[in-house]
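Asks: The structure under discussion is supplied below as structure tokens; questions concerning it will follow.
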Amino acid sequence: MYYNLKESGRRIQNLRKQKGLTQGQLAEKLNISMCTIGRIERGEQGLSIDLLIEISVYLGVQTDYILLGYSIQTVSVKQQIRELIPKLQRLEQTM
């Protein structure tokens, strides 16, 4: 679970392509140069916190997906707990 520049860049590139954007279009939306996007996607340059947030908002993913390759599913865990409570209550009543 470490930040890998190349993997992070690949994820950004894949997300950009899924949105049907060129490097130039994404660079324009983010107000950065196309060269910067290219270096990020190749894993030659890291992201500032501000740029990470802008990219994640624009591409519609969580920052942890860009950085680590997965999203922390806190909402999902909360939902699982809510679903377990009634089951545990029923189990307790049978005891």
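Asks: Just the residues that are farther than 13 Å from Lys6 by Cβ and loosely packed, with under 14 Cβ neighbours inside 10 Å, please, taken from region 35-50.
Replies: Cys35, Ser48, Ile49, Asp50
Asks: Out of the residues in region 69-82 meeting the condition of being open to solvent by less than 100 Å² (accessible area, probe 1.4 Å) and not in a loop (DSSP other than H, G, I, E, B), tell me which one is modelled with the highest pLDDT.
Replies: Only one residue fits best here, namely Ile81.
Asks: Would you call Tyr2 of a type outside the set (Lys, Arg) and outside any helix (DSSP H, G or I)? Give the steps one after another, and end with the answer.
Replies: Numbers: of a type outside the set (Lys, Arg): yes; outside any helix (DSSP H, G or I): yes.
It is true that Tyr2 is of a type outside the set (Lys, Arg) and outside any helix (DSSP H, G or I).
Asks: Something else about it: In the set Ile55, Ile66, Ile32, which member is part of a loop (DSSP other than H, G, I, E, B) and either β-branched (Val, Ile, Thr) or open to solvent by 60 Å² or more (accessible area, probe 1.4 Å) (or both)?
Replies: Ile32
The values are calculated or read from the model by the stated rules, or taken from the named source; none is laboratory data. A quick note: this is a predicted structure, and the numbers were derived from the prediction, not measured. Cβ coordinates were reconstructed from backbone atoms using ideal geometry, including for glycine residues, and neighbour counts include every protein chain displayed. The protein model used for the area step is the full one, side chains on, heavy atoms only, and it has no ligands, DNA or RNA in it. Shrake-Rupley method; radii C 1.70, N 1.55, O 1.52, S 1.80 Å.
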